[in-house]
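Encoded as structure tokens, the structure appears first; notes follow it.
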Amino acid sequence: VQVGAGHPQGDRCHQAFEDSFTTWAQARNLCSNKGGQLTTIRSAEENAVVLSAIKAACGDEEAHIGFSDASFEGFFLWQSLQSSPYTNWAGGEPNNAGFGGEDYTEMKSDGTWNDISNTFNGCYVCAFEPVNQIGSCGTCP
């Protein structure tokens, strides 16, 4: 597993992990085991921070983020159970086009989002709280 440096944003630290063949559900569990959760993105600024974390650890790979409509089709919620008015869907997304539906979200290499089935990706992003007092998160778990 390749781990990128932590990227602070407000009260949280985003950290990307490169781990081949990780489903969204597995990534959720891996983040939980590390003391975090799949990342929540609340603004364009935070989206850029998460994209930087992905590029640092995973290059141009897509990465799992914590947005899902698995509980209720068409109503996306963050794993943190927060709703957010901010989204960054790619054109035509979400489209639920995959076999068996697409209930999970990945960030593409250009920072836009795509809904996907519970398929494998090589990268995922965890969020950890709180960032330490000096605003650094280079030592995220």
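Computed from the coordinates by the stated procedures, all read-outs in this text should not be read as laboratory data. Quick caveat: nothing in here was measured; it's all calculated off a predicted structure. Here the Cβ is made from the backbone with ideal geometry for all residues, glycine too, and neighbour counts use every protein chain on show.
On alpha carbon coordinates alone, what is the Rg over Rh value for segment 3-134, Rh being the Kirkwood radius?
On the way: Rg = 13.4 Å, Rh = 14.3 Å.
The Rg/Rh ratio comes out at 0.93.
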>> Show me, bin by bin at 10 Å from 0, the whole-percent P(r) of segment 15-59 based on Cα pairs.
In response: 27, 53, 21
> Which of the chymotrypsin sites (Phe, Trp or Tyr not before Pro) found in segment 30-92 are in a DSSP loop and have at most 15 neighbouring Cβ atoms, other than their own, within 10 Å?
Replying inline: F72, F75, Y86
